[in-house]
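Note sheet for the following structure.
The values are calculated or read from the model by the stated rules, or taken from the named source; none is laboratory data. If you're wondering where the values come from, they're calculated on a predicted model, not measured in any experiment. Neighbour counts run over all protein chains shown; Cβ positions are idealised from the backbone, glycine included.
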């Protein structure tokens, strides 16, 4: 305690940090979750197939895509490549787009010729309805972004 007595600025700094952290947690829990669009868009760039056939490791799509019902629950794939691409049961010709809305929270497996492994997983989370769920949802998004 004597340390704080001689250095009151440390108490003020610690108190300010605690208040700021509490405010951030409260905002994350109570602020509504919104985006400008419900679509999560991914593009297959021109030349992807040619680079892959040349032996280059081309990672254009993540192995897992995360969506959330009611927030971002529509997957939009755009094929800008010179060759057709398959996503699930759909053949996308060059220049075509494929829009896939989800209505059920689950994990979905799709065949995907644009992905290096030939498979892609779409994880659809339930809409975070209460403050605790919104806090957990935001924490997961941060963790997934840095992992």
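Tell me, which strands (runs of 3 or more DSSP E) lie completely within the stretch 16-104 with 2 or more residues that are assigned by TED's automatic domain parsing to the domain that holds residue 141, at pLDDT 85 or above and farther than 25 Å from residue 129 by Cα?
39-44, 74-79, 85-87, 90-92, 97-101
Of the numbered conditions (1) surrounded by 15 or more Cβ atoms within 10 Å (Cβ to Cβ); (2) in a loop (DSSP other than H, G, I, E, B); (3) without any contact (Cβ under 8 Å) to a residue 12 or more places away in the chain, residue 133 fails exactly one; give the number of that condition.
Just one mismatch for residue 133, condition (2).
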